[in-house]
Amino acid sequence: MLVEEMTNLDFEKVIAKPSTTLRKSVNPEQTFCRKLSFPLRALYEVSKDLTNERDINPWNGFNDKNLVTRNSTFDDTISVDYIKKISHSYGVSFTSVLLAAICAGIRRGMESNSIPIPKFIHCCVILPVLPHPKKLTNHSTFGLVRLPIGDNDSKRRLLEIESCFQKLKKSILPLLNFYMGNVLGQLPLRLIRKIVYSNPMLGRVTGCLSNFPAPSDTWTMNTTPIYKCKVQAGPMPCTALVYTCYTYNGSVLLLNGVDIEIQNSENISKSLIKHFQEELDILSQISMHP
């Protein structure tokens with residue numbers, strides 16, 4: 001509304017609406033069974049998740065600090081078809097390929113900074129909650145994916161990440177986090193901050209990935225094509241490494257943010273982007289020569 005007032009434009013008229021595809025309807029019997037088992041599954045999965053070991057590395061453990069200042073780096077756009085070709089070659093999801101490249105990037109970044117490589121790290125992944133409301137907003141939640149950063153084999157890392165990501169999608173935890181967010185939002189701001197920053201789930205996270213799929217066709221404003229967009233998602237608390245992937249017009253734009261609490265964070269941010277792109281090339285080469 002503010003932009004419309006400043007530019008004297010009616011966005012409903014000047015921005016062409018993107019084409020959409022209908023999603024398959026959810027099986028009602030499956031939905032009923034999931035709702036019926038929700039309390040038992042929630043209790044079991046929350047208990048199991050809280051017993052997992054937390055990340056212990058120099059790029060984690062900033063729980064007592066307010067991480068708001070980051071050095072950020074954009075990469076050159078990467079073809080969506082290039083990443084889809086990799087995902088189809090291995091039979092994995094698009095997001096798993098992104099996570100595998102992030103995992104490899106962090107691994108090489110730690111190696112180049114003489115940091116001991118842990119066996120695993122955790123990455124917070126933003127997930128959509130469907131169906132979205134028919135307004136200028138989307139429903140989203142989050143969950144943790146364990147990244148096998150200690151494994152030096154790119155293919156094994158990718159397949160293990162895919163297994164963890166699919167388990168997360170079937171888990172009750174993302175939906176539980178979504179409902180808890182609605183309850184949390186009713187509390188005073190000071191209390192919200194205290195609860196979020198003391199959250200044991202987020203306290204062991206090293207990185208965070210926000211992946212925003214946007215229309216594959218080109219939007220227009222006043223008949224002028226919009227070929228490229230840049231966006232940065234708000235980082236999760238207690239997270240020093242933040243990745244935002246924005247897919248638009250057949251390209252993926254990656255933004256990486258590294259908190260200034262990490263020494264030489266500007267150089268590390270640039271190197272993580274570089275290592276991300278390198279891992280995609282490695283996975284592509286392996287798929288062609290298995």
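The values are calculated or read from the model by the stated rules, or taken from the named source; none is laboratory data. Everything numeric in this text was worked out from a predicted model, so none of it was measured. Counting neighbours? That spans all protein chains shown, and the Cβs are built from the backbone with ideal geometry, glycine included. Heads up: the accessible areas ignore ligands, DNA and RNA and are worked out on the full protein's heavy atoms, side chains in. Shrake-Rupley method; radii C 1.70, N 1.55, O 1.52, S 1.80 Å.
What does the accessible area per residue of the range 90-184 come to in Å², with a 1.4 Å probe and no ligands, DNA or RNA counted?
Computed with neighbouring chains in place, this is 47 Å² per residue.
Which percent of the accessible area of the range 239-279 is formed by carbon and sulfur heavy atoms (probe 1.4 angstrom)?
39 percent
Tell me, in nm to one decimal, what length is gained between ILE282 and HIS88 on full extension, where the rule is 0.36 nm per residue of separation less the Cα-Cα distance?
My answer for the length gained is 68.3 nm.
Could you order the peptides 272-282, 93-103 from most to least packed, using the average number of other C-beta atoms within 10 Å per residue?
The most tightly packed comes first, giving 93-103, 272-282.
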